[in-house]
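The structure appears right after this line, and notes come after that.
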Amino acid sequence: MDEAMQNVIEEFLEQDDNLFYSPVALQYTTSDIEQFKAGLANLQAMDIETSLFMKCMHSSLQLLKRMVDERDFVMFFNHYIKGKTHEVLAHELDTSQSTITRHCRAVLKKLSIILYPDLTLQKVFFNV
């Protein structure tokens, strides 16, 4: 992702928390997270395409980490990447499961905007 696109995404994400997002991008993002987790488990036997995907996801997660509250990122990462349940996270972070769910979902939406800005723009401008 070039710097200009990154700046546009950062400005877009700094807007209201009730962001437009593409449900399709959200679905792709969830799938990408699963692929990323599988890639982490198989770092030694990785082909070039998978390696490039892993680098893109890593860069996107780094950008996301800079854009969201640290606690929200921790919730998101522990749930989606490490596979901890909402119940376990709620206990560890001394909060409710509904809070974990809400914050993880908000961070997932932001990651989907980072990964799929084209689908987000289609949703915003054309309601596709």
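Of all residues in the range 67-76, one or more are under 17 Å from residue 34 (Cβ atoms), surrounded by 15 or more Cβ atoms within 10 Å (Cβ to Cβ) and not polar (S, T, N, Q). Checking each residue of the range 38-58 against the condition of being under 10 Å from the mean Cα position of the chain (by Cα), surrounded by 11 or more Cβ atoms within 10 Å (Cβ to Cβ) and over 24 Å from residue 99 (Cα atoms) gives at least one match.
Residues of the range 101-127 being in contact (Cβ under 8 Å) with a residue 60 or more places away in the chain and farther than 29 Å from residue 82 by Cβ, which ones? 122, 123, 124, listed by residue number. Among the residues of the range 70-100, those that are without any contact (Cβ under 8 Å) to a residue 24 or more places away in the chain and assigned to a loop (DSSP other than H, G, I, E, B) comprise 82, 84, 85, 94, 95, 96.
Among the numbered conditions (1) of a type outside the set (Asp, Glu); (2) more than 16 Å from residue 103 (Cα to Cα); (3) under 14 Å from the mean Cα position of the chain (by Cα), tell me where residue 67 comes up short. Here residue 67 meets the rest and fails (2).
A quick yes/no check of all residues on (1) closer than 20 Å to residue 118 by Cβ; (2) free of Cβ contacts under 8 Å to residues at least 60 places away in the same chain:
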{"site": "29", "(1), (2)": "yes, no"}
{"site": "34", "(1), (2)": "no, yes"}
{"site": "41", "(1), (2)": "no, yes"}
{"site": "54", "(1), (2)": "no, yes"}
{"site": "59", "(1), (2)": "yes, yes"}
{"site": "67", "(1), (2)": "yes, yes"}
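Taken together, the values in this text are just the output of simple stated rules run on the coordinates, not laboratory data. Here the structure is a predicted model, which means the values were calculated and not measured. So basically every Cβ, Gly included, is an ideal-geometry build from the backbone, and we count neighbours across all protein chains shown.
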